[in-house]
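Read through the structure below, which is laid out as structure tokens, and then see the notes.
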Amino acid sequence: MAKLPTWELGLAVPASSPVRSLQDFLAWAKAHPTAAFYGTPSAGSIQHFLGVSLSQTTGVRMEHIGYKGAAEVITALVGAQIPAAILNIGEMLNLQQAGKVRILATFGSQRAAELPDVPTAAELGLRMDTAQGWGGIYAPARTPDARIARLNAAIVRALKEPDVRAKLAQMGMTPVDSTPRQLDEQGRRELEQWRQAVQASGFSAD
């Protein structure tokens with residue numbers, strides 16, 4: 001019905017890690033295949049499939065660990081219980097500023113405004129699909145078009161409110177409004193975009 005905010009995604013390592021760049025991490029993972037894990041908030045998430053895509057693109061095998069939410073991943077990452085994690089950058093900004101994690105790269109089409117010194121994977125020469133996290137609001141399939149239009153207009157108005165935009169910015173999110181058709185088209189595009197990574201992961205919702 002309506003697209004909501006978008007947010008950038010990044011790969012991070014613990015501050016105690018000797019790894020200083022994405023290239024360093026990939027070299028380390030290749031040299032330590034039994035220890036090359038990355039954590040995400042859940043199996044089947046875009047973060048999970050980004051890691052699969054990264055493995056496919058580079059030929060470096062990495063095993064996925066799906067946690068029960070970002071808080072668990074962050075605890076494991078800060079405590080160096082895992083060597084890397086893929087998370088929303090809004091969940092890691094304060095940790096990076098506090099010197100607890102190191103964000104090596106982001107996966108959008110351009111550098112994140114909050115992290116101007118952190119390169120994108122594309123900048124580093126990786127020919128993998130760019131990706132952002134995004135959210136949307138959906139209504140039941142048989143909801144009348146007129147009601148969908150009214151609800152969409154109300155959501156778009158809310159996203160333009162300064163306090164809403166400020167709150168989203170604090171969480172590393174960018175408000176983006178869309179029409180119901182645009183949201184549907186994006187969902188269909190991403191189903192195709194991630195099909196290969198999902199198949200390669202062996203993930204099943206069953």
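The values are calculated or read from the model by the stated rules, or taken from the named source; none is laboratory data. Since the structure is predicted, the reported quantities are computational estimates derived from the model, not experimental observations. A quick note on method: Cβ atoms are made from the backbone with ideal geometry, for glycine too, and the neighbour counts reach across all protein chains shown.
Values for this structure:
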{"quantity": "Tally of residues being under 27 Å from ASN94 (Cβ atoms) and either assigned to a helix (DSSP H, G or I) or out of contact with any Asp or Glu (no Cβ under 8 Å at 6 or more places or on another chain) (or both) across the stretch 127-159", "calculated": "7"}
{"quantity": "Of residues in the stretch 57-104 being polar (S, T, N, Q) and not in a loop (DSSP other than H, G, I, E, B), the one farthest from THR6 (Cα to Cα)", "calculated": "THR58"}
{"quantity": "Scan of the stretch 108-129 for residues that are surrounded by 13 or more Cβ atoms within 10 Å (Cβ to Cβ) and within 20 Å of GLN170 (Cα to Cα), ordered by number", "calculated": "GLY108, ARG111, ALA112, GLU114, LEU115, VAL118"}
{"quantity": "Condition met for GLU190 (of a type in the set (Asp, Glu) and under 28 Å from GLY59 (Cα atoms))", "calculated": "yes"}
{"quantity": "Residues being crowded, with 18+ Cβ neighbours inside 10 Å and at pLDDT 95 or above - total across the stretch 96-105", "calculated": "5"}
{"quantity": "Flag if LEU26 is crowded, with 21+ Cβ neighbours inside 10 Å and at pLDDT below 95", "calculated": "no"}
{"quantity": "In the stretch 175-202, the residues that are under 17 Å from the mean Cα position of the chain (by Cα), within 17 Å of ILE137 (Cα to Cα) and of a type in the set (A, V, I, L, M)", "calculated": "VAL176"}
